[in-house]
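What follows is a short report on a single structure.
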Amino acid sequence: MAEDHYSSASAAAPSAAATASSGKSSVLEALVGRDFLPRGSDICTRRPLVLQLVHQPRRPTDAEADEWGEFLHLSGRRFYDFRDIRREIQAETDREAGGNKGVSDRQIRLKIFSPNVLNITLVDLPGITKVPVGDQPTDIEARIRTMIMSYIRHKTCIILAVSPANADLANSDALQMARVADPDGSRTIGVITKLDIMDRGTDARNFLLGNVIPLKLGYVGVVNRSQQDINSDLSIKDALAREEKFFHTQPAYHGLTQYCGIPQLAKKLNQILVQHIKTVLPGLKSRISSQLTAVAKELAVYGDPVDSKAGQGAKLLNILAKYCEAFSSMVEGKNEDISTIELSGGARIHYIFQSIFVKSLEEVDPYEDVTDEDIRMAIQNATGPRSALFVPEVPFEVLVRRQISRLLDPSLQCAQFIYDELVKMSHRCLATELQQFPILRRSMDEVIGKFLRDGLKPAESMIAHIIEMEEDYINTSHPNFIGGSKAVELAQQQVRSAKMSSSVVRKDGVDADKVQASEKTQKMRAVLGRTVNGVITDHIQGVRPASEAERPGSSGSASTSFWNSIFTSNEDRAHASAKDNSANRSYTVPTPNLEHSFSTIQLREPPVVLKPSEHQSEQEALEIAITKLLLKSYYNIVRKNVEDFIPKAIMHFLVNHTKRALHNYLITKLYRDDLLEDLLKEPDEITIKRKQIRENLKVLQQAYKTLDEIPLDAEAVERGGYSLDSDVIGLPRAHGLSSSLHGFNDGSSPYSTPKQSRSRRSNHSGEQPPFNTNMSGNGF
């Protein structure tokens, strides 16, 4: 069965809930004052019907043309015969849901214009079906319940829980679903129907007084037309008159006038609406004002299209000035959109200087790539052909220059990092505003990129000069430099400490000095010629035969013969010689002369690459320690200078130069008559976007104006006012509101935002409405 729902587009609205055949459609039609809904014994409402009632003044000349209906799917067509409206509702339902009792959640949108209605919105939803029939799916009950809950769950919805008086109120599906959607009962009105067909001797007095199931908004009892009355075309006006007569003639309802009748239900709804207006109107007005400001600001960004050369030039100059101002503000951290998520703008530059560049230099070891052996080698090379009495300065200067030169690469990398950040900032400036001029955006990116590249070159040149200056002059008079005397003192302490920890005696008990002397003796012996099996091995002259005296088996060695020749007389030598001749006649080799009988001392040729001995003397250790202390002290001084001067050079030649000169550079490159038209050419989507923003602004301005005309005082509204002066159908008329909060003149509420209007248009294609609805018992 169909169940009727009463809803508001943007404020409180009733939602009728009732069991099947409880008179929900009759309640809805009575509130409208017209007979136009499909009726019957089977399920008739099979698609949500969004009914917008629009109050308009009565025309004195043509009263019949005062009321008509319009469907959204038949835009521009008016239905003056409400029987045609019923037939169109039925036909549109069959087109979407089929002709065999199928149900769909796609809405039918209907507007009724009449001087006899209030500006409100009602929704008629399909009733709950327990057992599937026709083309209905097996889970039809769950689907319809889900559909109903999607409408009545909105906090601004007033639910009309419609229940028949001849059924147990505790078993009402309408009240059960209303309690789920509205647990505290603050927006639920109970509607009791069929009071005229209750069993004799019974009445609904306890229901209406809330003695059975209390509701904060109370109950209203109504008497609807029966099916026989509908078939006999009983008018709504006559039905209201008969209802009034019924309550006057039934003693059980005497004293309950405020709880009985369709006019009282309409009055209660109006009172709730007025109270709700008083509650939500200030907040609604504030939201509309905020949206007005945002849309106006967005429209100001797009501005108006400019066709003249003078106007285009002025616009371009304005854009360039705003861009450069935004760029400077971003660098200085004074831009309006400050991020709370990550560092941006000038903060990133500071982070690169302090947390990347300076920190990286602080972590560099002054002795990196310089070993003790390198220092020792440099010291010995600096002494020349004689031993140095003092530590030479040349090794210190050579080594410190080499370490200073290593600071050039990180300094240039720092400049490149800052350049990259400036490029990123240039892309983020006026990103939204420049979207409407893509050609100008590309041109500015190219010009700014070239400007920054040109600014990077002097910065890099200055960085190279700073490093070169530090290399060219080693200022040993710097107040922070350790100095020679202090370095010698500290070096002596280090050498003594190292000597105490490294003095070791060999395990065999031989002194290290003696071992070294023995090794030197063995090396000297290797230089001398050696005789092996009668052959003299000479490192210089090669191999030659050994004389008799040099042979191992002879009576004396070469040295013995040498010393005998010095310390014996001539006669002894003659006698010995004759004896030797007689004894050695068997040898064919003649005896050499005395001067050729001695072995010569031969030296090794020096190798191509000479290095000092492996053993490091105490003096050398001291010199190395002094040089390292001087190197570290001066390197730290230079590092501090570089940490200070490099950021200053980058800021001066790149960052601040960009802030100072970018504006003039952009004007020079872009402000040209032959480029103005192309640079300020807008794409088609920007033109469409500007038009939409203007339309939205117009709607919001009208909405704000309408809200301004509504009094905030509920008593003033009632005085203005909502009275019980009945019109031709007996319903209360609204005199105070020139424009209702629920009224629609163009398919959307004048108080809704453009987004809400689009949402309502999409509701026609099956989406749930954003406004409030009426719920009725087993269905809606």
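The values are calculated or read from the model by the stated rules, or taken from the named source; none is laboratory data. Given the structure is predicted, the values throughout are model-derived calculations rather than measurements. Cβ placement follows ideal geometry from the backbone for every residue including glycine, while neighbour counts extend to all protein chains displayed. Note: accessible area is taken over every heavy atom of the protein model, side chains too, but ligands, DNA and RNA are not part of it. Shrake-Rupley method; radii C 1.70, N 1.55, O 1.52, S 1.80 Å.
Here's how it looks for Cys260: its modeled amide H is under 5 Å from those of Gly221, which are all 5 or more places away or on a different chain.
Descending by average beta-carbon neighbour count within 10 Å, the peptides 660-668, 271-279 line up as 271-279, 660-668, the highest first. Largest to smallest in accessible area, the residues Phe207, Phe437 fall in the order Phe207, Phe437 (1.4 Å probe, all protein chains included). Taking the Cα centre of region 74-146 as origin and assigning +1 to Lys and Arg Cβ atoms and -1 to Asp and Glu Cβ atoms, the resulting dipole is close to 200 debye.
For the peptides 73-83, 151-161, 176-186, the ranking by mean Cβ contacts within 10 Å, running from highest to lowest, is 151-161, 176-186, 73-83.
Note on Ala142 and Ile601: the model spin-label points, each 7 Å out from Cα along the C-beta direction, lie 11.4 nm apart. Each Lys and Arg contributes +1 and each Asp and Glu -1, all at the Cβ; summed about the Cα centre of region 159-307, the dipole is approximately 480 debye.
Note on Lys628: lysines with a C-alpha under 19 Å away, same-chain residues under 8 apart excluded, are Lys486, Lys499, Lys640. Here is the link list: Lys632/Lys659; Lys322/Lys705; Lys24/Lys216. Which ones come out longer than 31 Å on Cα distance? Flagged as over cut-off: Lys632/Lys659; Lys322/Lys705. With each label modelled as a point 7 angstrom along the Cα→C-beta vector, the Ile439-Gln416 pair spans 3.6 nm. Ranking Ser426, Ser477, Ser497, Ser328 by solvent-accessible area of protein heavy atoms (1.4 Å probe, all protein chains present), from largest to smallest, gives Ser477, Ser497, Ser328, Ser426. Other residues whose C-beta falls under 11 angstrom from the C-beta of Glu298 contribute a net charge of +3, scoring Lys and Arg +1 and Asp and Glu -1. Could you tally the net charge around Arg639, taking each other residue with its Cβ under 13 Å from the Cβ of Arg639, Lys/Arg +1 and Asp/Glu -1? Net charge around Arg639: -3. Rolling a 1.4 Å probe over the protein chains gives Ser443 an accessible area of about 30 Å². For the pair His254 and His478, label points projected 7 Å from Cα toward Cβ lie 11.3 nm apart.
The separation of region 445-487 from region 185-253, counted between C-alpha centres, amounts to 96 Å. Shown are Asp94, Asp369, whose ranking by accessible area with a 1.4 Å probe and every protein chain present, most to least, is Asp369, Asp94.
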